[in-house]
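Engineer: Take this structure first; my questions come after.
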Amino acid sequence: MTIELGSVLGAITVAVLAIVGWAGPRWTKEGRLLARIRRLGDAHAALPESSERARLGVTLTELARDLNAWNAADQRMVRRWRIGAPIGALLIAYAIVLAIWPAMNLDLRTLWVWSLVIGAIAGIMAVVVTQIVERLVVSREIAALRVARERAFLRGESPAPT
């Protein structure tokens, strides 16, 4: 590996680490809720006693309720996929690299670049799978809530507030 290639790979690594450090918490609903609660909580603490502060307190309470619902036991499958998808993608990437590279007899520079490409694809696939599962779980919860409300309506009960 030449000095130039090592420098380019180092610069790419530093940029990717900065991007992942910034975007990582924003990839999940939990991270987005925590960031929003943190920002609004700082604003709530800075406001003097007023009706705006009271409304902001109500908003913070609703966000905290959403965060508690997100961390409930129903989200266990999402958390498993969030951990399992990157591990599965990493194992598949290692299997590809270890199975194909010896048969191809490529030079070291080409291997470095292709390993970087396969690792990036594995990371992207892990994020995509996690996001799809997260959306499926949320849509299932919404459907279950809708069915429960419909059943309560048919029994003549008042539906529970959402």
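What follows is calculated from the coordinates using simple rules that are stated; it is not laboratory data. This is a predicted model, so every value here is computed, not measured. Cβ coordinates were reconstructed from backbone atoms using ideal geometry, including for glycine residues, and neighbour counts include every protein chain displayed.
Engineer: Work out, in µm²/s and without decimals, the Stokes-Einstein translational diffusion coefficient of the chain at 37 °C, 0.692 mPa s, Rh from Kirkwood over C-alpha pairs.
Structural biologist: The calculation lands on 164 µm²/s.
Engineer: Pop a pseudo-label 7 angstrom from the Cα along the beta-carbon direction at both ASP66 and ILE132 and give the gap in nm to one decimal.
Structural biologist: So the two model labels end up 2.6 nm from each other.
Engineer: Could you tell me the calculated FRET efficiency between ILE12 and ALA103, based on Cβ-Cβ distance and R0 = 25 angstrom, to the nearest 0.05?
Structural biologist: According to the calculation, E is roughly 0.40.
Engineer: Largest first and to the nearest Å, give the Cα extent of region 1-97 along each principal axis.
Structural biologist: Taking max minus min along each principal axis of the Cα atoms, region 1-97 gives 64, 35, 10 Å.
Engineer: Among LEU47, LEU90, LEU67, determine the one that fluctuates most according to a GNM of the chain built with springs between C-alpha atoms less than 10 Å apart.
Structural biologist: LEU47
Engineer: Here's a follow-up. Have a look at PRO48, VAL20, SER115 and report the one farthest towards the positive end of the charge dipole of the chain, computed about the Cα centre with Cβ charges (Lys/Arg +1, Asp/Glu -1).
Structural biologist: Of the candidates, PRO48 comes out farthest on the positive side.
Engineer: Grab the DSSP H runs of the chain that are 4 residues or longer, score each as -39,500 (n - 2.57), total them, divide by all residues and round the 222 nm result to the nearest 500 deg cm²/dmol.
Structural biologist: Calculated mean residue ellipticity at 222 nm is -30000 deg cm²/dmol.
Engineer: Oh, and also: Calculate the length of the line joining the C-alpha centroid of region 94-162 to that of region 20-90, in whole Å.
Structural biologist: 20
Engineer: Let me ask something else about it. For a quick check: sort LEU136, LEU154, LEU33 by the number of other beta carbons within 10 angstrom, fewest at the front.
Structural biologist: LEU154, LEU136, LEU33
Engineer: Provide GLU134, GLU141, GLU62 in ascending order of the number of other Cβ atoms located within 10 Å of each residue's Cβ, fewest first.
Structural biologist: Ascending Cβ contact count within 10 Å gives the list GLU62, GLU141, GLU134.
Engineer: Under a Cβ-only charge scheme (Lys and Arg +1, Asp and Glu -1), can you give me the dipole magnitude of the chain about the Cα centre, in debye to the nearest 20?
Structural biologist: Value, rounded to 20: 480 debye.
Engineer: Quick one: Karplus J couplings for region 9-19, per residue in order, coefficients 6.51, -1.76, 1.60, θ = phi - 60°, nearest Hz, x for Gly and Pro?
Structural biologist: 5, x, 5, 5, 4, 4, 5, 5, 4, 5, 5
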